[in-house]
Amino acid sequence: MKDTLNIARELDRKDPLKDFRQRFYIPDNTIYVDGNSLGLLSEDAEKSLLRVLNEWKTLGIRGWLSAERPWFYFAEHIGEMTAPLVGAAPGELIFSGTTTVNIHSLISSFYQPKGKRTRILADELNFPSDTYALKGQIKQKGLDPDRELLLARSDNGKTLDEDRIVSMMTDEVALIWLPSVLYASGQLLDMEYLTQEAHKRGIPIGFDCSHSAGAIPHHFNRWGVDFATFCSYKYLNGGPGCTAFLYVNEKHFGKEPLMAGWFGYVKEKQFDMSLDFEHAESAGGWQISSPGILGASTMEGSVQLMQDAGIERIRKKSLQLTGFFLELFHGTLDTPPYNFSIATPEDPQRRGGHIALTHPDEALRINEAMKARGIIPDFRAPDTIRIAPVAMYNTFEEVRQVAEVLKEIIDNKEHLRFEKQRKAIS
Ligand SMILES: *Cc1c(COP(=O)(O)O)cnc(C)c1O
């Protein structure tokens, strides 16, 4: 891989986003390729957090209306700032809740089983929390998840076939809930196509975009997606457990949010303290509680930074980074004695921001050996190592180093020094 070092350096030199890396805190002596699980802190996010902390210190309750970005409107403002990243029209995006809570809240309103249409169509590869929420919501309607939850199967345990999903969109389906990018394999589903096909059959469709927001452009409004949610601690770099986003298409603004709470009230009248819930006619109507302003505050700096970079440029660089890894991979790491495979579709239109590398029997220990070498990927049972070179802060030289170290670990049998037991978080 020697002469590839010059290629990597040349790619870095020409990278229009290269200066953004300097705004991030990169842990010392670390190549961080786990931004699809927890993104890194930027100086910009830190600055907005410290400002809000100081506002609480100096303003007390007056911060709700007098802070630089008044806390009372913070969720709406951040929603507006973030809207271009996902193609949301005014009022369609709110910065509120957490991913799983938002799924419950959206499904509770959008899932209205009637007559023959009682089923939810989802897939067997989505993040477990999504499936738990769907099952819970079906039970809340007094129905049986074993009957009502249809899971599109995967032939290889890694990827889904959109046409198989479409073939399951029957007149018994009341609602569809799918991921944008599969968290394990990194496959990107064709959201526009799936939305069109769902709507031809009169079925509302929603997406969990936790693994694509901040890595890929979305056009929710143009595609006509009915509803969506995504977390902000992965590619959006909001910090652990940061507030999530909730999207509702404007055609549904009249719909009643059933997990109702006072922050979903028409804003100007919220403090009338009426006992009759009058929801905001926007995604804001889906808010439940007082927003956790401190935890949410990082998002202001973080989203501003991403807007400066531009989501189209972010996607372009992300594909170049993962494409470069695939180039280094083929012909070396897929041959004996290395024996890795790629579970991610290699077609750029079908892959998200990370690459899923599989190894037949040693993925767990190879992942540990990489961490011992200062490289942070992550492991997903049983055989997957996920590598996410993030456009905002990773370099081509780092990608090359990851490929090089993978090779050296096998050459030197470094992984054999580690235990076969998985830790609580891998
Ligand atoms: C990260 C992720 C979640 C996380 O849910 P939380 O409620 O934020 O813990 C849920 N679904 C998907 C698809 C994810 O990628």
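All of the numbers you see were taken from the coordinates with simple rules; none came from a lab. Quick caveat: nothing in here was measured; it's all calculated off a predicted structure. Please note: Cβ atoms are built from the backbone with ideal geometry, for glycine as well, and neighbour counts cover all protein chains shown.
For the pair residue 147 and residue 338, a Förster radius of 51 Å applied to the C-beta separation gives a FRET efficiency near 0.65, rounded to the nearest 0.05.
Residues considered: 27, 291, 84. Largest GNM mean-square fluctuation over the chain, using C-alpha springs under 10 Å, is found at 27. Extension gain, residue 193-residue 408: 0.36 nm per intervening residue step, less the Cα-Cα distance, totals 73.2 nm. Taking the alpha carbon gyration tensor of the range 190-296, multiplying each eigenvalue by 5 and rooting it gives semi-axes of 26, 21, 9 Å, largest first. Rounded to the nearest 500, the 222 nm mean residue ellipticity of the chain from helices alone is -11000 deg cm²/dmol, with -39,500 (n - 2.57) taken per DSSP H run of at least 4 residues.
Going from the fewest other Cβ atoms within 10 Å to the most, the residues 177, 71 appear in the order 71, 177. If only the Cβ of Lys and Arg carry +1 and only the Cβ of Asp and Glu carry -1, the dipole of the range 107-229 around its Cα centre is close to 440 debye. Rounded to the nearest Å, what's the spacing between the alpha carbon centres of the range 232-303 and the range 341-378? Just the number, please. Centre-to-centre (Cα) distance: 35 Å. Magnitude of the charge dipole for the range 228-344, about its Cα centre and with charges confined to Cβ atoms of Lys, Arg (+1) and Asp, Glu (-1), is about 380 debye. Per-peptide packing, taken as the mean over residues of other Cβ atoms within 10 Å, places 252-262, 118-128 in the sequence 118-128, 252-262 from highest down. Approximating the spin labels as points 7 Å out from Cα along Cα→Cβ, the residue 6-to-residue 62 distance works out to 6.4 nm.
For the chain, the antiparallel share of DSSP beta bridges with both residues in that region comes to about 55%. Placing +1 on the Cβ of every Lys and Arg and -1 on the Cβ of every Asp and Glu, with no other charges, gives the chain a dipole of roughly 360 debye about its Cα centre. Based on the alpha-carbon gyration tensor of the chain and its eigenvalue square roots a ≥ b ≥ c, which shape applies: rounded if a/c is under 1.5, prolate if not and a/b is larger than b/c, or oblate? Note, shape of the chain comes out oblate. Using a Gaussian network model of the chain in which every pair of alpha carbons under 10 angstrom is joined by a spring, one finds that among 298, 358, 58 the greatest mean-square fluctuation is at 58. Cβ crowding within 10 Å, taken as a proxy for footprinting-reagent exposure, orders 400, 69 from fewest neighbours to most as 69, 400. By the count of neighbouring beta-carbon atoms within 10 Å, fewest first, 233, 73 end up ordered 73, 233. Once the chain from residue 114 to residue 47 is taken as fully extended at 0.36 nm per residue, the excess over their C-alpha distance is 19.1 nm. Within the listed set 383, 171, 28, the Gaussian network model of the chain (springs between alpha-carbon atoms below 10 Å) gives the highest mean-square fluctuation for 28. With 18 Å as the limit on Cα-Cα distance, the pairs of 114/141; 135/158; 371/413 that go past it are 135/158.
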